[in-house]
1. Could you give me the ³J(HN,Hα) list for the range 5-19, computed from phi with Karplus coefficients 6.51, -1.76, 1.60 and θ = phi - 60°, whole Hz, x at Gly and Pro?
2. Amide H neighbours of TYR7 under 5 Å, counting only residues 5+ apart in sequence or on other chains, H built in-plane at 1.01 Å?
3. Under the Karplus relation 6.51 cos²θ - 1.76 cosθ + 1.60, θ = phi - 60°, what is the ordered set of whole-Hz ³J(HN,Hα) values for the range 26-40, x standing for Gly and Pro?
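Readers should treat all values here as calculations from the given coordinates under stated rules, not as data from a laboratory. Keep in mind the model is a prediction, meaning the values are calculated, not measured.
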Amino acid sequence: MTEEELYTTYKGVYLPKVVHFRESLKYYEEFSFRPDDILIVTYPKSGKSSPGRSVEVNGKWKQKKY
């Protein structure tokens, strides 16, 4: 495969096409948080159950089913 097939350039930065699409990069750049948004951040490979349990302790949190 050629470099052009593997990578996309966004604002002068080469990014792998497999991971990054121009539409998603533009979306993330224009994204803004609402004042009532809550971020739950964990370390990689820490699993997703621990953060979920921490939030469930509140009792008001309901996980969305996608």
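1. 6, 8, 10, 10, 9, 10, 6, x, 10, 7, 10, x, 5, 4, 9
2. Sorted by chain and number, the residues that satisfy this are LYS17.
3. So the J values, rounded to whole Hz, are 5, 4, 5, 5, 8, 5, 9, 7, 8, x, 9, 5, 10, 9, 10.
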